[in-house]
Amino acid sequence: MRSSSRGDVDPFIVMDVMEQARRLEQAGRSIIHMEVGQPGTPAPKAARAALARAMEDDALGYTVALGLPELRQGIAALYADWYGVELDPARVVITAGSSAAFVLAFTALFEAGEKVGVTEPGYPSYRQILKALSLDPYAIPTHAADRHVPELPDADLAGLIVASPANPTGTMLSKDDLGALIAACQAKDTAFISDEIYHGVQYEGRAVSALELSDDVYVINSFSKYFSMTGWRLGWMVVPEDHVRRIERLAQNMFICAPHAAQIAALGALGARDETEAMLADYRENRRLMLDGLPKAGFDKIAPPDGAFYIYADVSDLTQDSRAFAAEILEQAGVAVTPGLDFDPVRGHTTLRFSYARSTDDIAEGIKRLTSFMAQRG
């Protein structure tokens with residue numbers, strides 16, 4: 001059978017860790033999950049109730065490709081609430097998770113072979129989706145010493161994608177830093193894509209949306225994190241007015257529409273801020289436990305996160321093989337963590353990512369296990 005280089009993408013290591021953790025659990029082991037950025041809570045009650053009602057009364061067939069108009073209006077209202085941005089709902093596109101938004105954005109903005117800047121460490125799927133679309137991910141290394149603020153390189157880039165709060169570091173860009181990046185991109189006619197999937201999950205001030213600074217950007221977000229709806233696979237993006245029809249044509253042909261059932265649930269979730277803010281309070285406590293407990297356990301080279309629910313640790317004094325080290329922690333301590341190679345293929349062999357998205361009891365138990373493991377390891 002004929003093969004294609006588009007399939008030659010790297011494995012998503014965190015998914016491999018999840019599978020090994022599942023096998024251990026199936027064999028009777030107790031595993032604390034610090035590997036995946038998935039809230040331990042279900043979707044808000046209002047989201048589930050909205051879907052239950054709709055299932056009784058609605059066939060839940062195809063929606064229009066851009067998404068339910070009332071959901072697009074609700075998301076526009078969210079931007080007014082969070083950022084004071086008056087957003088035309090016509091610019092909001094509902095997608096099958098943020099992953100579909102990345103596919104649509106990269107397809108709409110770039111031609112095969114063009115270079116697109118991605119930060120390292122950074123979300124690995126940026127690189128892999130770009131490769132699959134015959135695009136060239138251009139690595140921009142960032143550093144903990146300056147809280148992972150990227151600089152636009154001299155290279156001829158067709159686009160740049162940044163996330164704030166970032167995965168895996170949890171660091172956020174200030175309004176000045178974000179504005180400087182957008183201005184630099186616009187001066188070079190470089191498309192700017194802002195991944196804002198962790199907005200709402202922040203502890204030091206609030207996250208700044210690229211839409212506060214420019215309309216000539218693509219903004220991508222999702223119901224997965226703040227709204228605790230990972231498996232519902234529902235995201236959205238905001239595009240410039242003159243790009244809406246282009247995205248609509250692509251979405252019609254690539255995806256038809258985002259899941260109708262998830263869109264109904266998302267409408268309910270938008271009105272469940274009391275629940276989502278309660279989840280944020282849990283993350284805040286989990287963050288406190290991690291920042292206190294990880295250094296005591298021996299993971300002391302960390303940059304405190306501003307948002308999201310991750311801590312990215314430098315473990316170069318403990319290992320030069322983060323994948324083997326993560327496997328050792330999983331097998332001996334019963335704690336699943338993610339090797340940094342997912343996020344930085346060059347320097348990730350000496351880093352680990354710890355997620356604190358699960359319950360506070362789980363986080364406390366995980367720290368206890370890590371402390372015991374490190375004491376025995378010597």
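The table below gives the values:
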item: Tail beyond 32 Å, pair distance distribution of the chain (Cα, percent); result: 32
item: Whole-number D in µm² s⁻¹ for the stretch 289-378, Kirkwood Cα-pair radius fed into Stokes-Einstein, 20 °C, 1.002 mPa s; result: 165
item: Sequence-distant residues sharing a close amide H with Ile32 (under 5 Å, placed H); result: Val335, Ala336
item: Lys, Arg +1 and Asp, Glu -1 on Cβ, resulting dipole of the stretch 236-333 about Cα centre, debye, nearest 20; result: 340
item: Sequence-distant residues sharing a close amide H with Tyr138 (under 5 Å, placed H); result: Val116, Gly117, Val118
item: Mean ellipticity per residue at 222 nm, deg cm²/dmol - from DSSP H runs of n ≥ 4 across the chain, formula -39500 (n - 2.57); result: -13000 deg cm²/dmol
item: Estimated Rh, the stretch 144-187: Kirkwood, alpha-carbon pairs, angstrom; result: 11.2
item: With DNA, RNA and ligands ignored, accessible area of Met18 (1.4 Å probe; Å², nearest 10); result: 60
item: Neighbourhood net charge (15 Å Cβ-Cβ; Lys/Arg +1, Asp/Glu -1) for Asp156; result: -3
item: The chain, relative contact order [Cα under 8 Å, separation at least 6], %; result: 26
item: Binned Cα-Cα distance frequencies in the stretch 75-154 - 5 Å width, integer %; result: 3, 13, 18, 16, 16, 17, 15, 3, 0
item: Accessible area of the chain divided out per residue, in Å², using a probe of 1.4 angstrom; result: 42
item: Ratio of the Cα radius of gyration of the stretch 203-267 to 2.2 N^0.38 Å, where N counts its residues; result: 1.29
item: Angstrom value of the Kirkwood radius, inverse mean 1/r, which spans all Cα pairs in the stretch 228-378; result: 18.1
item: Beta bridges by DSSP in the chain, antiparallel share as percent, to the nearest 5; result: 45
item: Reachable lysines from Lys115, criterion Cα separation under 27 angstrom, eight or more residues apart if same chain; result: Lys131, Lys175, Lys188
item: Reachable lysines, given that their alpha-carbon falls under 29 Å from the alpha-carbon of Lys368 and they are not under 8 places away in the same chain; result: Lys225, Lys296, Lys301
item: Total formal charge among the other residues, if their Cβ is under 11 angstrom from that of Glu328, Lys/Arg +1 and Asp/Glu -1; result: 0
item: Relative contact order %, the stretch 59-207, counting alpha carbon pairs below 8 Å whose residues are six or more apart; result: 17
item: Dipole magnitude (debye, nearest 20) for the chain, charges at Cβ of Lys, Arg, Asp, Glu; result: 900
item: Under the Debye formula (equal points on every Cα, no solvent term), log10 I(q)/I(0) of the stretch 64-205 at q = 0.09, 0.16 Å⁻¹; result: -0.29, -0.95
item: Debye log10 I(q)/I(0) at q = 0.12, 0.23 Å⁻¹ for the stretch 184-301, Cα point scatterers; result: -0.63, -1.33
item: The chain, accessible surface, carbon-and-sulfur percent (1.4 angstrom probe); result: 50
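The values are calculated or read from the model by the stated rules, or taken from the named source; none is laboratory data. Small disclaimer: the values here were computed from a predicted structure and weren't measured. Reconstructed Cβ throughout: ideal geometry from the backbone, glycine too, with neighbour counts over all protein chains shown. Please note that ligands, DNA and RNA were not included when accessible areas were found on the heavy atoms of the full protein model with its side chains. Shrake-Rupley method; radii C 1.70, N 1.55, O 1.52, S 1.80 Å.
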